[in-house]
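J.: The structure is given below, and queries will be raised subsequently.
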Amino acid sequence: MIIDGKSLSKEIQREIARFTSSLTDRRPCLAVILVGNDPASEIYVNTKTKTCAKTGILSVKDNLPSHVSEEILLQKIDELNRNPLIDGILVQAPLPSHINTNKINFAISPEKDVDGFHPVNLGKLMLNDDSGFIPCTPLGIRVMLAKNNISVKGKHVVIVGRSVIVGKPMASLLLQKGEGGDATVTVVHKHTPDLEQICREADILISATGMPGFIKGSMVKQGAVVIDVGINRVPCPDDVRGYKIVGDVDFDAVKEKCSLITPVPGGVGPMTIAMLLNNTVKSFTRRRPDLCKNTFSCY
C-alpha cells in the first residue's frame, strides 16, 4: 500500500489556508534566502514560495550571488531577525563552500528558525520541549505515520543516515516519551557492520542516504513500513528532461515485501514543505496571538 504524502500535504495546506483567510490585519510571512543559482535549489525555493501563495502565507525572497560574503549574508539575516513582519526565515541549502553553514544557522533567531536547525531548537527537541521548532522532514514523517494510523510505540525503527537534517532529529523525535514516540531506534550509516542485517530487523525502515536504489528488497523484512526520504536525479533517456527522480529505495523490489511504502516523488517531499508552512504559522501565532481570531492546531 502506498502512503500518499502529496494528498496529505494538500489536506494540511487547506487547513492552513482556512486559518489565514480568517486573518484581517496581516498574514504569516516567510523569508527565503537563496545563495547562488543551483538549479535544484531554485526549484525547491520556487516550490516553497508558490505553496506559500496558495495557502495565504506571504513570502519574500532574496537572491544573493554565489560569491556573496559571509558577512553580507549575516547582515541580511540580522535584518530579517529584527523585522517584526517576518515570522520565519529559511536559508536554502547547500551554501557555497566559503560560507560556514553552522554559523548561518546559528545566526537565525530561534523564534524564526522554521527549519528547526538552530541549536536552541535542536536542544529543545532533545528535551521534548514543544516550545521549539522541529526540523521539517522528521516532523513530516511523524505526521505522515500518525495520519496513516502507524504507531511507533514499541516498534524497532531503523534509520539509515545520520544527518542533522533527517537522521539525528528523526531518532530524537521517535525516542521521545508519549504520542508519536516510545520507539526503539537504531541509526546505521556507512561504517555500521552488518548494516543489511540490521535493516532486515526493522519494523519501520527510514532511509535518508541520498543514494539511489540503496535499499534493496533483501534488506527489508516482510510486512515492514518503509519511508523513503531520498530525492535523487538519475539519467533517463526516455524522459524529456533527460533524468528522473528516484528515492533511496528500490521501489519495485521493496513494494512486494513491505506493508506500506512512500513513493518518490509524492511521499516525504510534499510533507516537508507542508511542515515548513506549519512552522511558519506556528511562529506567527506565537508572536502575534492578538491577530488570531481563530485558533490553528499546529503539528
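Only the coordinates and a few stated rules stand behind these numbers; no lab work does. Just so it is clear, the structure is predicted and the values come from calculations on it, not from any experiment. Please note: Cβ atoms are built from the backbone with ideal geometry, for glycine as well, and neighbour counts cover all protein chains shown.
J.: Where both residues lie in the chain, what percent of DSSP beta bridges are antiparallel, nearest 5?
T.: Approximately 10 percent, going by the DSSP bridge assignments.
J.: Under the classification rounded if a/c is under 1.5, otherwise prolate if a/b is larger than b/c and oblate if not, where does the range 124-171 fall, given a ≥ b ≥ c as square roots of the Cα gyration tensor eigenvalues?
T.: Oblate shape, in that a/c is at least 1.5 and b/c is the bigger or equal ratio.
J.: Let me see the pair-distance distribution of the range 1-151: every alpha carbon pair, 5 Å bin width, integer percents in order.
T.: In order of increasing distance, the bins hold 2, 8, 16, 19, 21, 17, 11, 5, 2, 0 percent.
J.: Comparing Ser59, Ser207, Ser21, which has the greatest mean-square fluctuation in the GNM of the chain with Cα pairs linked when under 10 Å apart?
T.: Checking each option, the largest mean-square fluctuation is seen for Ser21.
J.: Which of these, Ala40, Ala183, Ala208, has the largest mean-square fluctuation under a Gaussian network model of the chain (Cα springs below 10 Å)?
T.: Ala40
J.: Moving to a separate point now. For the range 181-299, what is the number of Lys pairs with C-alpha distance below 28 angstrom, counting only pairs 8 or more positions apart or on separate chains?
T.: 14
J.: Note the angle between two axes, namely the Cα long axis of helix 39-55 and the longest principal axis of the Cα atoms of the chain, as a number of degrees from 0 to 90, rounded to the nearest 10.
T.: So the helix axis and the longest Cα principal axis differ by about 70 degrees.
J.: Length gain on complete extension for the stretch Thr24 to Ala93, per 0.36 nm per residue less the alpha carbon to alpha carbon distance?
T.: Stretched fully, the Thr24-Ala93 segment lengthens by 21.5 nm.
J.: Now for a different question. Any number yet on Rg/Rh for the range 136-269, C-alpha, Kirkwood?
T.: With Rh from the inverse mean 1/r over Cα pairs, Rg/Rh is 0.96.
J.: So what's the gap between the Cα centers of the range 80-97 and the range 161-236, to the nearest angstrom?
T.: Cα centroid of the range 80-97 versus Cα centroid of the range 161-236: 29 Å apart.
J.: Sticking with this one: Taking the range 102-177, how many lysine pairs are there with alpha carbons less than 15 Å apart, if each pair must be eight or more places apart or span two chains?
T.: Count of close lysine pairs: 5.
J.: Measure nothing but the geometry: give the 0 to 90° angle between the long axis through the Cα atoms of 5-21 and the longest principal axis through the Cα atoms of the chain, rounded to 10°.
T.: Roughly 20 degrees, rounded to the nearest 10.
J.: If every alpha-carbon in the range 24-111 counts as one equal scatterer, what log10 I(q)/I(0) does Debye give at q = 0.11, 0.23 1/Å?
T.: -0.30, -1.20
J.: Quick one: length gained pulling Val120 to Arg241 fully straight, 0.36 nm per residue minus the C-alpha distance?
T.: 39.4 nm
J.: Now, a different point. Summing Lys, Arg as +1 and Asp, Glu as -1, what charge do residues with Cβ under 12 Å from the Cβ of Ser283 carry, Ser283 excluded?
T.: Charge balance in the 12 Å sphere: +1.
J.: Now for a different question. Lys50: which lysines have alpha carbons under 17 Å from its alpha carbon, excluding same-chain residues fewer than 8 sequence positions away?
T.: Lys6, Lys10, Lys61
J.: Would you mind classifying the range 68-122 by shape? Square roots of the alpha carbon gyration tensor eigenvalues, ordered a ≥ b ≥ c; an a/c under 1.5 is rounded, otherwise it is prolate if a/b is larger than b/c and oblate if not.
T.: Details: a/c = 2.04, a/b = 1.27, b/c = 1.61.
The shape class here is oblate.
J.: Can you tell me how the range 200-299 classifies by the Cα gyration tensor, rounded, prolate or oblate, using a/c under 1.5 as the rounded cut?
T.: Oblate, because a/c is 1.5 or more while a/b does not exceed b/c.
J.: What order do you get for 136-142, 164-170, 251-257, 221-227 when each peptide is scored by the mean count of other beta carbon atoms within 10 Å, highest first? Each step should come with its number before you reach the end.
T.: On the way: 136-142: 26.0, 164-170: 21.7, 251-257: 15.6, 221-227: 20.0.
With the highest mean Cβ count within 10 Å placed first, the list reads 136-142, 164-170, 221-227, 251-257.
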